[in-house]
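Undergrad: Quick one: the structure is below, and I'll ask about it shortly.
Every number here is computed from the coordinates shown, using simple stated rules; none is lab data. Bear in mind that the values here come from a model prediction, so they are computed numbers and not experimental data. Methodologically, a virtual Cβ is constructed for each residue, glycine included, from the backbone with ideal geometry; neighbour enumeration extends over all protein chains shown.
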Amino acid sequence: MTNHKVDHSLSSYQQRLHLQNAVFSLIDHEDASVAIVYKITQSGCEDFILKICTRANDYLREVYFLKYFASLLPVPRVLQIIEPEKGLHGAILMECIPGSLLRETDLNDEIAYESGSLLARIHLNRTAGYGDLIQPSELYSDPRVHFTMKFEEGFAECNNHLPKILLDHSRIYYDTHVHLLTSADGPCIVHRDFRPGNLIVYDGKIQGIIDWASGRASFSEEDTSATLVTAINSMIQVKSTTHFG
């Protein structure tokens with residue numbers, strides 16, 4: 001099979017977006033391996049964000065959820081899309097929401113309450129089944145089907161990095177308790193990466209929820225469990241600073 005080289009240069013995107021004279025500044029972020037993000041500035045105009053998704057399905061999910069929640073939640077407004085094609089990654093030109101990414105150390109009662117309310121508003125959007133919403137014909141009524149597929153993906157990635165005894169115990173625990181998923185709260189839309197690094201804040205208020213590429217139709221506990229871990233870690237850091245700082 002012939003491998004077609006993917007054009008990682010900006011010129012193709014600049015031309016298609018008619019932004020040849022704008023300044024593209026690369027934004028360093030945790031998910032740089034699966035998305036390339038630029039802040040676009042030009043004299044006398046508002047700033048934009050260009051997100052280039054190196055995986056086609058990530059692009060499709062990002063576009064799906066940003067458009068779905070456009071009038072429901074504070075998410076970046078989609079201005080233009082470039083669909084993936086042979087030799088070119090899909091990309092999304094969106095508004096640049098003023099503010100900065102929330103840091104765990106900046107969490108307070110007001111922001112915690114606001115983020116919890118936003119998360120609940122995400123989960124209010126019920127779905128026809130569990131799975132990937134960009135493939136509506138492949139949604140499942142049983143939450144164990146899709147969740148097990150994701151578990152197997154993650155488990156395979158751990159095979160060469162964790163001790164076998166830990167992997168064996170993890171497998172036994174999963175097989176023993178997977179039936180509990182049938183009593184979970186769902187199906188509904190979940191973000192699956194709802195954390196401070198994906199929340200934009202300005203003047204003490206949350207202005208935007210970003211990075212929807214991992215979104216799925218699942219059960220709300222998949223989001224709330226990860227959010228709880230973040231909150232606990234933040235509390236531990238604050239207490240450590242208080243006692244030992």
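Undergrad: What is the percent of Cα-Cα separations in region 101-244 that go past 27 Å?
TA: Everything past 27 Å amounts to 34 percent.
Undergrad: Given (i) 1.12; (ii) 0.93; (iii) 2.27, which label gives Cα Rg over 2.2 N^0.38 Å as computed from the coordinates?
TA: For Cα Rg over 2.2 N^0.38 Å, the calculated option is (i).
Undergrad: Between region 61-112 and region 120-171, how far is it from one alpha carbon centroid to the other, in angstrom?
TA: Centre-to-centre distance over Cα atoms comes out at 23 Å.
Undergrad: Please give the length that would be gained between residue 70 and residue 135 if that part of the chain were fully extended, namely 0.36 nm times their separation in residues minus their C-alpha to C-alpha distance (nm, one decimal).
TA: Result: 21.4 nm gained on full extension.
Undergrad: Suppose only helical runs count, i.e. DSSP H with n ≥ 4. What mean residue ellipticity at 222 nm does that imply for the chain under -39500 (n - 2.57) per run, divided by all residues and rounded to the nearest 500 deg cm²/dmol?
TA: -12000 deg cm²/dmol
Undergrad: Output the peptides 149-162, 179-192, 52-65 sorted from most to least packed, where packing is the average of other Cβ atoms within 10 Å over each peptide's residues.
TA: Packing order, densest peptide first, comes out as 52-65, 179-192, 149-162.
Undergrad: Here's a follow-up. What FRET efficiency comes out for the pair residue 43/residue 168, r = Cβ-Cβ distance, R0 = 51 Å, nearest 0.05?
TA: It comes out at approximately 0.25.
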